[in-house]
Amino acid sequence: MAFFCYPVERYHDVGGRIDAPLDLSRSGYEPWEKEIDAIHFMLADAKRRRIFLEEFRRALTLQLGRERYLRLDFYERWAIAIEVLLVEKGLISPVDVGSSGFDLNVLQHQRAPVSAEDAASKQRVTDRQEAERRSMLLKQALIERGVMTQHEIDAFIASVDTKEGGDGAKVVVRAWKDAAFKKALLKDANPAIRTLGIDLGFMHICVVENTSAIHNLIVCTLCSCYPRYLLGRPPIWYKSLAYRSRAVRQPKDILRELGVTLPDGVQIRVHDSSADLRYLVLPLPPPDVSDLTETELIGRVTCEGMIGAALR
Amino acid sequence: MSHPSAAHDIVPRFAVGQTVRIRSAQVFTHIRTPWYVMGKVGTVERVAGVFPDAEQTGYGHANARPVVLYRIQLLMQDIWTDYEGSDTDTLDVEIYEHWLEAV
């Protein structure tokens with residue numbers, strides 16, 4: 001991993017800083033990652049209101065320390081950020097989650113002389129196990145305190161699993177079929193989307209349109225903001241440091257690594273989702289758009305297409 | 001999206017199309033201005049609305065002050081001296097009003 005430049009105090013602010021290839025090898029989240037994801041959104045929901053987005057962003061970005069922030073994987077950081085916030089608010093105690101975390105076998109491994117590569121790989125395994133263990137304890141503490149039940153967590157996960165970008169695709173396809181809807185959508189997205197009966201939660205959506213001359217790409221360099229209520233969970237690479245860093249500096253290379261080759265002369269517009277808006281890309285319709293029904297077209301739209309990481 | 005003039009008596013300082021500079025500051029607390037656009041010049045793409053100041057809500061302030069949020073459009077080549085793409089490529093970023101100054 002090479003660094004373009006890196007002041008120590010804002011290590012999460014990675015736009016343009018890390019020159020590493022996109023890792024597209026992982027797909028699908030592990031069960032504990034889905035649980036941490038669910039716990040976060042449930043703690044923030046209208047019923048509980050235990051944590052707020054901006055506090056979570058702060059805990060996620062400033063609380064971890066540079067070395068750990070850069071080392072940990074996405075949901076590993078989320079687990080710690082939730083823990084930090086809940087302790088700050090007095091909802092859980094530090095020992096609920098932090099106690100007896102030392103595996104003596106692991107410590108003994110670390111004392112033996114190992115190569116740097118072995119050490120990093122062992123560290124990766126330790127981080128992963130530790131994150132999974134802490135997530136489980138965190139969940140148990142929340143269930144014991146009556147904040148949520150396992151049944152509610154499972155139901156949340158199931159609802160996200162079935163979403164798979166469906167609501168976003170409905171918006172895109174309606175815009176392809178209905179010029180007046182598209183015009184309203186591009187002007188002020190929230191009221192237009194609500195006419196389709198879609199719940200946008202707290203999100204303020206901004207829709208940007210791909211044309212034969214313009215290609216839009218969405219990123220969040222500061223954390224990993226994503227139009228969750230429309231598209232469900234993001235692809236794993238979307239949350240990676242490599243994507244967050246390079247999308248704003250080498251968008252053409254990133255698109256090539258994602259399998260998107262744009263014709264010469266197409267202008268690339270990158271949108272950094274840095275504050276309160278969430279973005280949806282309106283991809284170019286397929287050439288046979290007028291021959292297909294809305295249901296058929298919905299099957300042609302992917303999550304990647306709706307963030308500019310694929311043509312459709 | 002809340003229109004700036006609707007729910008608040010806040011008049012945006014900057015207009016669509018206006019040239020602005022994003023302020024540069026070394027900060028140790030919670031902000032939402034990415035480092036790579038600090039000190040850079042762009043134009044106001046849109047007035048995105050009025051939102052509670054993330055620099056306060058990040059610390060749990062329930063009654064954070066309302067601030068105007070803009071989308072600022074910059075040319076990639078104005079951000080990165082080594083930018084290898086087209087010289088018309090752009091970056092849009094959301095910036096709160098107090099991070100902007102007229103040029």
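The values are calculated or read from the model by the stated rules, or taken from the named source; none is laboratory data. Everything numeric here is computed off the predicted structure, so don't read it as measured data. Glycine gets a Cβ as well: all are built from the backbone with ideal geometry, and neighbour counts include every protein chain shown. Note: accessible area is taken over every heavy atom of the protein model, side chains too, but ligands, DNA and RNA are not part of it. Shrake-Rupley method; radii C 1.70, N 1.55, O 1.52, S 1.80 Å.
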Next item on the list: Looking only at the range A:242-277, count how many residues are part of a helix (DSSP H, G or I) and either among the basic types (Lys, Arg) or open to solvent by less than 40 Å² (accessible area, probe 1.4 Å) (or both).
Entry: 10
Notebook entry, point to check: Considering the range B:7-33 alone, what residues qualify as being under 13 Å from B:Leu69 (Cβ atoms), under 16 Å from the mean Cα position of the chain (by Cα) and not hydrophobic (A, V, I, L, M, F, W, C)?
Noted result: B:Pro12, B:Arg13, B:Arg32, B:Thr33
Notebook entry, point to check: Residues of the range B:66-89 being over 14 Å from B:Val37 (Cα atoms), under 16 Å from the mean Cα position of the chain (by Cα) and open to solvent by 20 Å² or more (accessible area, probe 1.4 Å), which ones?
Noted result: B:Pro66
Next item on the list: Quickly run through the range A:34-92 and pick out the residues that are assigned to a loop (DSSP other than H, G, I, E, B), hydrophobic (A, V, I, L, M, F, W, C), in contact with a helix residue (DSSP H, G or I) (Cβ under 9 Å, 6 or more places away or on another chain) and more than 19 Å from A:Val125 (Cα to Cα).
Entry: A:Ala44, A:Ile51, A:Phe52, A:Leu91, A:Ile92
Check: How many residues, within the range A:41-57, are more than 16 Å from the chain's Cα centre (by Cα) and over 18 Å from A:Ile153 (Cα atoms)?
Finding: 2
Margin query: Between a residue in the range A:71-92 that is within 14 Å of A:Arg133 (Cβ to Cβ) and any residue that is open to solvent by 40 Å² or more (accessible area, probe 1.4 Å), which pairs come within a Cβ distance under 6 Å, given they are 6 or more apart or on different chains?
Written below: A:Ala79/A:Arg134
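Identify, please: which residue in the range A:83-114 is among the small types (Gly, Ala, Ser) and at pLDDT 65 or above and is, among those, surrounded by the fewest Cβ atoms within 10 Å (Cβ to Cβ)? Working first, answer last.
Taking the range A:83-114 first, the residues among the small types (Gly, Ala, Ser) are A:90, A:93, A:98-101, A:112.
Now narrow it down to the ones that are at pLDDT 65 or above: A:90, A:93, A:98.
Working: A:Gly90: 7, A:Ser93: 12, A:Gly98: 13.
Checking each candidate, the answer is A:Gly90.
Checking the structure you have, find out if any residue of the range A:284-296 is among the aliphatic types (A, V, I, L, M), within 29 Å of A:Lys34 (Cα to Cα) and touching a residue at least 40 places away in the same chain (Cβ under 8 Å).
Keep residues of the range A:284-296 that are among the aliphatic types (A, V, I, L, M), which gives A:284, A:289, A:292.
Those left that are additionally within 29 Å of A:Lys34 (Cα to Cα): none.
No, because not a single residue in the range A:284-296 is among the aliphatic types (A, V, I, L, M), within 29 Å of A:Lys34 (Cα to Cα) and touching a residue at least 40 places away in the same chain (Cβ under 8 Å).
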Next item on the list: State whether one or more residues within the range A:149-164 are at positive phi and either at pLDDT below 95 or small (Gly, Ala, Ser) (or both).
Entry: yes
Next item on the list: Taking only the range A:115-144 into account, find how many residues are over 14 Å from A:Arg71 (Cα atoms), hydroxyl-bearing (Ser, Thr, Tyr) and loosely packed, with under 14 Cβ neighbours inside 10 Å.
Entry: 1
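Being within 11 Å of chain B (Cβ to nearest Cβ) and touching a residue at least 12 places away in the same chain (Cβ under 8 Å) is the filter here; which residues of the range A:251-270 pass it? Outline the logic, then answer.
First, the residues of the range A:251-270 that are within 11 Å of chain B (Cβ to nearest Cβ): A:251-255, A:262, A:264-270.
Answer for the range A:251-270, where residues must be within 11 Å of chain B (Cβ to nearest Cβ) and touching a residue at least 12 places away in the same chain (Cβ under 8 Å): A:Pro251, A:Lys252, A:Ile254, A:Leu255, A:Leu262, A:Gly265, A:Val266, A:Gln267, A:Ile268, A:Arg269, A:Val270.
Please verify whether B:Gly58 is within 12 Å of B:Asp92 (Cα to Cα), of a type outside the set (Phe, Trp, Tyr) and crowded, with 21+ Cβ neighbours inside 10 Å, treating the condition exactly as stated.
Working: within 12 Å of B:Asp92 (Cα to Cα): no; of a type outside the set (Phe, Trp, Tyr): yes; crowded, with 21+ Cβ neighbours inside 10 Å: yes.
For B:Gly58, the condition - within 12 Å of B:Asp92 (Cα to Cα), of a type outside the set (Phe, Trp, Tyr) and crowded, with 21+ Cβ neighbours inside 10 Å - is not met.
Quick check, is A:Lys47 more than 15 Å from A:Arg66 (Cβ to Cβ), modelled with pLDDT under 95 and out of contact with any Leu (no Cβ under 6 Å at 6 or more places or on another chain)? Don't jump to the end; show me each part of the working.
Values: more than 15 Å from A:Arg66 (Cβ to Cβ): yes; modelled with pLDDT under 95: yes; out of contact with any Leu (no Cβ under 6 Å at 6 or more places or on another chain): yes.
Yes: the conditions hold for A:Lys47.
Within the range A:271-298, how many residues turn out to be in contact with a Leu (Cβ under 9 Å, 6 or more places away or on another chain) and away from every other protein chain (no Cβ under 14 Å)? Break it down into steps so the answer makes sense when it comes.
Initially, the range A:271-298 is screened for residues in contact with a Leu (Cβ under 9 Å, 6 or more places away or on another chain), giving A:271-278, A:280-286, A:289.
Remaining after also requiring away from every other protein chain (no Cβ under 14 Å): A:282-286, A:289.
Residues that pass the stated criteria total 6.
Rundown of residues vs (1) free of Cβ contacts under 8 Å to residues at least 40 places away in the same chain; (2) under 20 Å from A:Thr293 (Cα atoms), yes/no style:
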| position | (1), (2) |
| --- | --- |
| A:Glu117 | yes, no |
| A:Gln123 | no, no |
| A:Thr126 | yes, no |
| A:Gln129 | yes, no |
| A:Asp167 | no, yes |
| A:Lys170 | no, yes |
| A:Val173 | no, yes |
| A:Trp176 | no, yes |
| A:Lys182 | no, yes |
Item checked: Count of the range A:34-53 residues which are within 22 Å of A:Ile236 (Cα to Cα) and without any contact (Cβ under 8 Å) to a residue 12 or more places away in the chain -> 0
Item checked: So A:Arg233, is it of a type outside the set (Val, Ile, Thr), touching an Asp or Glu at 6+ places or on another chain (Cβ under 9 Å) and more than 30 Å from B:Asp87 (Cβ to Cβ) -> yes
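Enumerate the strands (runs of 3 or more DSSP E) found wholly within chain B, keeping only those where 3 or more residues are touching a residue at least 24 places away in the same chain (Cβ under 8 Å) and more than 12 Å from every other protein chain (Cβ to nearest Cβ).
Details: elements: B:19-22, B:41-52, B:66-75, B:90-96, B:100-102.
Result: B:19-22, B:41-52, B:100-102.
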